[in-house]
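Q: Let me give you the structure first, and then I'll get to my questions.
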Amino acid sequence: MLWLGPTLVAFFVWLFFIASNAIKLRWRRMLSVLVAPFLGAMPVIAFAYLGVTPDRLRFEYHKSDFLKDVEDSAAAHGHPVLINWSWGEIAGGFGGSTLGFDLIYDETDQIASPPTTWSASFRSRSFNRQPREPGKGYGQGSSLFPSDENISEPTIESMGGHFYLASQLFE
């Protein structure tokens, strides 16, 4: 909602400049004002199409740290490794919905399949929320919540190499 007002103002200012340049017969300026937003959006659309997103860049930048955490967890807790890092959230504010994100390393890759097909042992490990160990940036398990009327099914995006970006909507 905070973006709605400025977006509407920018849209009407954009239309005003198109109309005023058309009335004054400044065809080149009018065409420039008309095309500029689309030309500005083209690199963003191209990068997203190629898979270069902020989440992907953040993941690749910190990947060596994540792999170190995976080795640490495997040494301490054995295999198969199932750990998570808090990736962030988008809060709705004023009692609105919250979208939570977690980066999950799942050695078995079961998290990529629909939740109804998960094995009982994986299901118990994934929904068993354990507190983070002191000094660790990750937690054991997957940090997902079982879906119900207030929590959506998790949306899972593969990041490659047993890493998955999971998001859930909390209402």
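The values are calculated or read from the model by the stated rules, or taken from the named source; none is laboratory data. All of these numbers come straight from a predicted model, not from anything done at the bench. Here the Cβ is made from the backbone with ideal geometry for all residues, glycine too, and neighbour counts use every protein chain on show. To get the accessible areas, we keep the full protein, side chains included, count just its heavy atoms, and leave off ligands, DNA and RNA. Shrake-Rupley method; radii C 1.70, N 1.55, O 1.52, S 1.80 Å.
Q: When the Debye formula is applied to the Cα atoms of the range 1-112, each taken as the same point scatterer, what base-10 log of I(q)/I(0) results at q = 0.10, 0.20, 0.21 Å⁻¹?
A: Relative scattering, expressed as log10 I(q)/I(0), comes to -0.59, -1.14, -1.18.
Q: To continue, here is another question. What helices in the chain pass both tests, a Cα length along the helix axis of 18 Å or more and a mean Kyte hydropathy of 1.0 or higher, using whole DSSP H runs?
A: Taking the DSSP H segments of the chain (at least 18 Å long, mean hydropathy at least 1.0), we get 4-23, 27-49.
Q: What's the FRET efficiency of Glu149 with Leu4 using the Cβ-Cβ distance as r and R₀ = 41 Å, to the nearest 0.05?
A: Efficiency for this residue pair is about 0.90.
Q: Leaving out ligands and nucleic acids, and using a 1.4 Å probe, what accessible area per residue does the chain come to in Å²?
A: Per residue, the chain has 67 Å² of solvent-accessible surface.
Q: Another question about this same structure. What percentage of the solvent-accessible surface of the chain, computed with a 1.4 Å probe over protein heavy atoms, is contributed by carbon and sulfur atoms?
A: 65
Q: Taking a 1.4 Å probe, which of Trp118, Trp14, Trp27 shows the most accessible area, and what order do the others take after it?
A: Greatest to least solvent exposure: Trp27, Trp14, Trp118.
Q: Where in the range 131-169 is the amide nitrogen less than 13 Å from a point lying 7 Å along the Cα-to-Cβ axis of Ala91?
A: Zone members listed by number: none at all.
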